[in-house]
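The values are calculated or read from the model by the stated rules, or taken from the named source; none is laboratory data. Just so it is clear, the structure is predicted and the values come from calculations on it, not from any experiment. Cβ placement follows ideal geometry from the backbone for every residue including glycine, while neighbour counts extend to all protein chains displayed.
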Amino acid sequence: MASFLKKSIAALPLKLRLALAPKLSGVPQTIADNTFRTWIAAYIHPAVRFFADKSDLEQFVCDRFRATPIAWYGFGGDSRSLSTWTGINTNADSRFYAFSGAIYPANDQRARLIGGDCTRTLPENRRLFQTSVPKLIHLQTGNFDETLFVLHAIGETLDTRAIVMIENFANLENAFRALAAYGRPYLVLGATSFFTHLAIRFAPR
């Protein structure tokens, strides 16, 4: 879909976007699902920002911390997300930790790659989450069990400054279900047009 069309769709009112979803969304069955519609009614408030694609949402999230260092933690996915974030945030004091089953080259001295199953490697590296800088969490495991495990494992370290980006959120059997099962209240900050990607901030514990 052309960039101009994507941006035009993102600017449409929510009701109109939902009406167009069966033809334009990659997950039309999700948009029509009653559980998902109930979630939209509960969590999508007027201040939520909508974006044409994931890269615009990532830029929106990073812009909130442009003047400060961050600690970024990626779970799942491949080298593209790590490369994107190290390119967006160039603060010398920022740190980037990629938990992934695949090892790939890191071209940034601020980045550390932690290969293997995150259910094993995350507990071994809990000290990495003890930091005073704002945290950005990038969840792209695509798996219910792993996503829920990560949320439970690091949830107590996430204060109200932390932002969690969730990929493939509109897959009701994985990320969407894991966030619901985790059960902690949260605020939606931004999303792509049809909720394939989401940025949230958890409420205080």
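On the basis of being in contact (Cβ under 8 Å) with a residue 12 or more places away in the chain and in contact with a His (Cβ under 9 Å, 6 or more places away or on another chain), does residue 93 make the cut?
Answer is no for this residue.
Find the strands (runs of 3 or more DSSP E) located wholly in the range 99-185 whose residues include 3 or more that are surrounded by fewer than 19 Cβ atoms within 10 Å (Cβ to Cβ), and list them.
Here the list reads 111-115.
Among all residue pairs at least 6 apart or on different chains, which show Cβ distances below 8 Å where the first residue, located in the range 167-186, is over 15 Å from residue 75 (Cα atoms) and the second is charged (D, E, K, R)?
172/33; 184/205; 186/201
Any residue that is outside any strand (DSSP E or B), in contact with a helix residue (DSSP H, G or I) (Cβ under 6 Å, 6 or more places away or on another chain), modelled with pLDDT of 90 or more and under 21 Å from residue 149 (Cα atoms) - is there at least one of those in the range 68-81? Reasoning before the result, please.
Kept after step one, since they are outside any strand (DSSP E or B), are these residues of the range 68-81: 68-70, 77-81.
Filter once more, so that each one left must be in contact with a helix residue (DSSP H, G or I) (Cβ under 6 Å, 6 or more places away or on another chain): none.
Scanning the range 68-81, I find no residue that is outside any strand (DSSP E or B), in contact with a helix residue (DSSP H, G or I) (Cβ under 6 Å, 6 or more places away or on another chain), modelled with pLDDT of 90 or more and under 21 Å from residue 149 (Cα atoms), so the answer is no.
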